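See structure below.
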Amino acid sequence: MHRKQHPYFCLGTANERNRLLACLLLVLITACGLVPARAAETGEKTVFSVRGLGGGGGMFNPSISPDNPDLLLLSCDMGGAYRSADGGKTWNMLHADQGLRNTHLAPPPVYLPGRIYWITDIKRLCYSDDAGLTWTSRPQGPWKKRVKAFTVLPGRPDTVLIGTEEGLWRSEGNTWQQVGSEEAGQLLRLGDTVFAVFAKRRLMHGTDGGRAWSEAGALPGNVVALTGGMGLTGKVLLASVEDFGLVRSLDGGKNWKLVKQPYEKEAALRMPSDQMNLMYALQVGSVKKQQILKSTDGGDTWKPVFDLYTSVKSRFGTYNVERSWVQVQLDWGYYFTDNGLTVSQSNPDFLLAVTQGELFASRDGGKTWQCAMNTPLPPLPDGSPRQSSIGLEVTSCWGYSFDPHDPEREYIAYTDIGFARSLDRGTSWTWSAKGSPWTNTFYDLAFDPETPGKIYAAVSQRHDIPHYLSLSKTYFGHRTFSGGVVASSDWGASWKVPYAWKTPESLPHQVCTTVALDPNSPRESRTLYAGIFGEGGDNDKAGVYKSADGGKTWAKTPGQPGIAPNLHIYRLRLHPKTGSLYCLITGLRAPAPNFFNPEGGGIWMSEDQGQTWKHLSVGSDLNRWATSFAFDPGNDGGIYVSAATPQGNISPGGIYKTVNNGRTWFHVLKDKEIRRIAGEPMYDHCMAVAVHPKNPRLILAGTTLHGLLYSLDGGRIWRRYEEFPFRNAQSISFNPRDPDKVYVTTFGAGVWVGPVPGKAGEEHTAPDTRRGTQ
């Protein structure tokens, strides 16, 4: 490979050669079956493992244990919390039952000897006494606004200080007391001293175990970040002051000296606290000014050790930052996050930094940085970068597919990063949306059953359908999002639009969410169906479109499903036995108090290739916000539909079932039942339903708040799949060559693979709570 073409895999430096050698060793070890896939950190709950590219989504608040530099914690903005016990070589997602949700909204964890504290959901304080394996939650705090800072008093592992926009709070045990009424945005524990910044610029010193506070000094402006260290000659404080620069104090905050002029916002300051000279500053703001700066003389001089703009945007040359697959293939302008830098207290050469979608590590004090969110592997023969997961799957996925012609090939349809393919049954992955004019989201795939390598995809620049925010006419303002159908003839390695744009025979340049292929149509002129999602003022273009020539030309079917204004077409499927065409229309948000349009959604069917349509779920509660459906392989008239419960519980969601093609419907899983088996909150959004291909009585349901549920008796009795580690399940599929495994894509935690739930006879062990419903 030429360095200019693929700087990611060049062999130029000793560090790069060593890293490639490590990759090759990993490939050999993996081939021998000695490396298990990463699983959730659950104690006994380790039956699910991950698949995916690694990274590509928001990672926040990296932290390193001061006593053990191999123990790391990391947050994701989609709800996951991650732990590494080997210095970041591999990561495990902490099981959702640990309660560590939304830790990215709070400051990084605080480490004590034998205990770790972490803030979750803004208001709840969790702690771990076993190096982060299991967590216990303290009672919810009384503050109402976001936590800005927190720390623990020296020598008092049960005494916690929480700084919020409302003031400062103190806890000793399970009770909370407000000890300051001004905003407390910064807290610093330094030896036996605790400092707080009140009202953004007043430095306060805590006494009486944090109950009383006296002024230590004033800063020259609003404080953005604060850090400090101590040595033989005393203590040093370093503060980032908005529009002023970096200032330093050597007398406990009474006097401050400007040591660096303002260039950009220094959002995070880090230094080992047992010395006074080594300091790091993380700059955020405009892309060209995003840097990590280093000082080795106590702040007198600074030099950049990580220039994000140069590392991201420059294609050629020598850099000290290994570029991630995101930058090599997508050229995205990711940016540092406010708490996106940490330095090890016990090994000051070890640093972690995160951008909005990448993790980097340095083990030489910032001289060089390595991509640390996956394991880069030798590229494919065509030069495409390839990587394997180390557990940091932090993206949203819309589907997991298996190639019908080649058992080695598997595919993931993503949000934001588009599409990935694997040539080794999910062991390694390559980003593969090349050629598609719409790379944000791949919603749906259709494989040609007779032509190996031929795939069609429904793609769009608008993501997250059918989640709540994406169902409004004014999502992201009044922007119109584009999309369409793309086709691949090389197993998903590249894509192109099969039709001429902006002609009467093309698809509208609008959001496309689904594509279906009629396997009984002629091989040389396949019949395809595509769904164009209704988009505000472009509802006249929404609908079901048909192509009779393999996607070259398209026209609306004579009849159309849906009732305006809700033309949010989301899924098209051909019944594998009857050949009838089914269409799911999801929800359309409406103003309060209804919140969702009551008409036009649900399941529609056409028995004449779209000439006419029948509303199968007319009058059913599932019409407001249907999200997915699945055919019953044991009954030609059997359909399961998942639905979400809108705000206000005006239309109950869950799982609906018909055994006679919609003449009657049974509500086989309700919010009340979900609460009974899985706990609060009051209602949930069911986003997925699947029926096992070999056992029609095994039904799985994916929810946004309670993870994965299942029934072994066709929907009469439900259980929670306790081992599934994440709350938000998006889609469910089975490998037709190995139906004993279930593949679950998530809204924010990648893809998880585990055994099909249930044991022989288990369907008879629980009381029947649903008699008379079917």
Given axes a ≥ b ≥ c from the Cα gyration tensor, I'd like to know whether the range 360-412 is rounded (a/c under 1.5), prolate (a/b larger than b/c) or oblate.
oblate
Of the options A555, S620, S642, report the single residue whose Cα projects farthest towards the positive end of the charge dipole of the range 523-642 (beta-carbon charges: Lys, Arg +1; Asp, Glu -1).
A555
Compute the signed sum of charges (Lys and Arg +1, Asp and Glu -1) over the other residues within less than 12 Å, Cβ to Cβ, of P385.
+1
Going by average Cβ density within 10 Å per residue, which order do the peptides 173-182, 728-737 take, highest to lowest?
728-737, 173-182
Which peptide among 96-108, 155-167 comes first, and what is the full order, when sorted by highest mean count of other Cβ atoms within 10 Å?
96-108, 155-167
Give the cross-link partners of K200 among the aspartates and glutamates, using a straight C-alpha distance below 16 Å as the criterion and excluding same-chain residues fewer than 8 apart.
E165, E166, E182, E183, E215, E242, D243, E266
Let me have the relative contact order for the range 63-196, percent, based on Cα pairs under 8 Å that are six or more residues apart.
14
Proximal lysine pairs, the range 414-555, alpha carbons under 19 Å, eight or more residues apart or interchain
12
Which whole-angstrom value gives the distance between the alpha carbon centres of the range 700-735 and the range 488-560?
32
Peptides 232-238, 359-365: what's the order by average Cβ count within 10 Å, highest mean first?
359-365, 232-238
Is the range 80-123 rounded, prolate or oblate when judged by the Cα gyration tensor, a ≥ b ≥ c being the square roots of its eigenvalues, rounded requiring a/c under 1.5 and prolate requiring a/b larger than b/c?
oblate
Under a cut-off of 16 Å between alpha-carbon atoms, report the lysines in cross-link reach of K144, not counting same-chain residues fewer than 8 places apart.
K123
Note down the accessible area of D406, probe 1.4 Å, to the nearest 10 Å².
40
What lysines could a cross-link reach from K672, if we take a straight Cα to Cα line under 19 Å and drop same-chain neighbours fewer than 8 places away?
K657
Between (1) 13, 41, 34, 8, 3, 0; (2) 16, 46, 31, 7, 0; (3) 15, 39, 29, 16, 1, which matches P(r) over Cα pairs in 20 Å bins from 0, in percent calculated for the structure shown?
(2)
Ignoring ligands, DNA and RNA, what accessible area per residue does the chain give at 1.4 Å, in Å²?
38
Show that you can apply the helix-only estimate: for the chain, add -39,500 (n - 2.57) for every DSSP H stretch of four or more residues, divide by all residues, and state [θ] at 222 nm to the nearest 500.
-1000 deg cm²/dmol
Quantify, in whole percent, the carbon and sulfur part of the accessible surface of the range 193-330 (1.4 Å probe; protein heavy atoms only).
50
Here is the link list: K614/K670; K303/K367; K89/K265; K577/K670. Which ones come out longer than 22 Å on Cα distance?
K614/K670; K89/K265; K577/K670
What value does the range 325-400 have for Rg/Rh, both radii from Cα atoms and Rh as Kirkwood defines it?
1.01
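The values are calculated or read from the model by the stated rules, or taken from the named source; none is laboratory data. Predicted model only: the values in this text are computed from it and were never measured. All Cβ positions, glycine included, derive from the backbone under ideal geometry; neighbour counts span all protein chains shown. Areas reflect the complete protein model, heavy atoms only, side chains present, ligands, DNA and RNA absent. Shrake-Rupley method; radii C 1.70, N 1.55, O 1.52, S 1.80 Å.
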